Amino acid sequence: MTTTISALLTGFSDHESSDDAEELELQRKLKEQEECKVWRNAYALIRGPEYFRYKKTRNQDPLTFYDMNLTSQDHQAFFILDDETDKEDLKIMNAAWRERETDIRIQYATEALEKNENCAMAMVMMAEEQSETIVDCEAMLRKALRSAEMQYKKPPSSNQSYHDGSVEFYRQGANVMSYIRRRLAMCARKQGRLREAIKIFKECHKELAMQSVYAVQENLIECYLELCSYADVQSLLVRYDGYDLDLREPRSAVLIYTSALLKARAVADKFAMEYSARRGLSIAESNAVEAIMRAFEYNPHVPYYLLEMKSMILPPEHYLRRGDSEAICYAFNHLQHWKRIDGALHLLQCTWKGAFPTVARSINMNQYTQYSNTIEQADRELLPTWHVVSVFPKKESAFLNVLLCFLCLVIAVSSIIICHYPATFHEFIQALTTHCTSFCGWLYNAIGAWVPENVVELLASKSRTDSATVENF
């Protein structure tokens, strides 16, 4: 058994070192897959009254096929629709989720209602895609909730057997009712009934199924911000993001930017860049600036939309964390909360102008989680083609900075000389032009002395000889 010098020095054999290398490579690939994982948007709009209405008005599709296909897969997995079930309406709905065209899906949902007038999933699809207003969608969802409660009602005693299927059937019913209640809460939020929306979101937040599928706490945070109930927002941030500790790795842009918003709220109304530059930042201002910079380094695309430097589009139904899609989902729903607090956007802009060039540098120095290059490619599949995807800022080259400084210095010195000594500078330019012309002539003559006069004929004969050799071969 042979060993290498490195094995003798480290105490590990070649086989063990190769295993460690393979394990590290596997961990790196798993980390890249985790970064490119697609997450469901907790603020996903309703297709009929919002997405499809925008498509009819602007003649632009706000959703990509990849995004809609992910939603169909989510519905199939969440509602546990099995092809082998004996119920005809469930078979039809299982086929409906797989269809690409909206009209065909609605046709399938209508057919499922003809088979079973209490098919809650068919009502959900018609509420999402056929309704033209939020009021119509809410009415259809309430009807679907009543049908689901009747269809999936459990027997009163645990000793009795399930009267309409197996345990999976009632688990499917619980998922359907949870989804309907959450969409009802979003309808209430869109109509300004915040107390009702918060009550329903709290009920959904207690259910394990909704916690694993949708980040309901983000909906609660947005509702509390609309009510200006910042104490409740802070309690949620302490639970999910470590608001006071700042030790956990950020989970989403909603949590980390809301944390920065609350810290900026304490100093934003009295913050002045001129005075802060003279006397220095106070402890509260330093905490606010550090929180904003921490948010920048997690997702540097959000300031473009909060500061309205890029046009806003409708958020997709799925997003990638730290990507442009997540920035759109956050800014679409939280821009109004930043505008409501006086001076918050001004503090954000001042910090962004000073901190933005150092974002790429600090991340490359491993002070924070590395930014994956594959996020940009995945964002282009989630976002519509007519939207210009925001890319991560590249690290600036030191050579280019030095070259630009040198050119600026030369231009400034030349301007001063022209202003004070115009005649002398004119003579200098003429002399410089004469020397450059003579140098070019000398260089041309020197090259001509080394190159033979019949160089073109030699190259032509060389090419003919090569072609003849190829033909003979």
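One line per residue, one yes/no per condition, for (1) in contact with a strand residue (DSSP E or B) (Cβ under 7 Å, 6 or more places away or on another chain); (2) modelled with pLDDT of 90 or more; (3) not in a loop (DSSP other than H, G, I, E, B); (4) not hydroxyl-bearing (Ser, Thr, Tyr):
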{"residue": "ASP82", "(1), (2), (3), (4)": "no, no, no, yes"}
{"residue": "LEU90", "(1), (2), (3), (4)": "no, no, yes, yes"}
{"residue": "TRP97", "(1), (2), (3), (4)": "no, no, yes, yes"}
{"residue": "ASP136", "(1), (2), (3), (4)": "no, yes, yes, yes"}
{"residue": "MET150", "(1), (2), (3), (4)": "no, no, yes, yes"}
{"residue": "PRO155", "(1), (2), (3), (4)": "no, no, no, yes"}
{"residue": "TYR162", "(1), (2), (3), (4)": "no, no, no, no"}
{"residue": "GLY165", "(1), (2), (3), (4)": "no, no, no, yes"}
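Take the conditions without any contact (Cβ under 8 Å) to a residue 40 or more places away in the chain and within 14 Å of GLN130 (Cα to Cα) and apply them to ILE104. Does it pass?
yes
To keep it simple, each residue is scored yes or no on (1) among the charged types (D, E, K, R); (2) at negative phi; (3) modelled with pLDDT of 80 or more.
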position	(1), (2), (3)
LYS339	yes, yes, yes
LEU345	no, yes, yes
LEU348	no, yes, yes
PRO357	no, yes, no
MET365	no, yes, no
GLN370	no, yes, no
GLU381	yes, yes, yes
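Consider PRO300 against the criteria (1) surrounded by 19 or more Cβ atoms within 10 Å (Cβ to Cβ); (2) out of contact with any Pro (no Cβ under 8 Å at 6 or more places or on another chain); (3) in contact (Cβ under 8 Å) with a residue 60 or more places away in the chain: it satisfies all of them except one. Which criterion is unmet?
Answer for PRO300: the failing condition is (2).
Among residues belonging to the stretch 37-76 that are surrounded by fewer than 16 Cβ atoms within 10 Å (Cβ to Cβ) and in a loop (DSSP other than H, G, I, E, B), point out the one that is modelled with the lowest pLDDT.
Out of the qualifying residues, it is LYS37.
Across the stretch 111-126, what is the number of residues that are in a helix (DSSP H, G or I) and without any contact (Cβ under 8 Å) to a residue 60 or more places away in the chain? Spell out the reasoning first.
Within the stretch 111-126, the subset in a helix (DSSP H, G or I) is 111-115, 120-126.
Among the residues that remain, those that are also without any contact (Cβ under 8 Å) to a residue 60 or more places away in the chain are: 111-115, 121-126.
Qualifying residue count, the stretch 111-126: 11.
The values are calculated or read from the model by the stated rules, or taken from the named source; none is laboratory data. Source: prediction; values computed, not measured. Glycine gets a Cβ as well: all are built from the backbone with ideal geometry, and neighbour counts include every protein chain shown.
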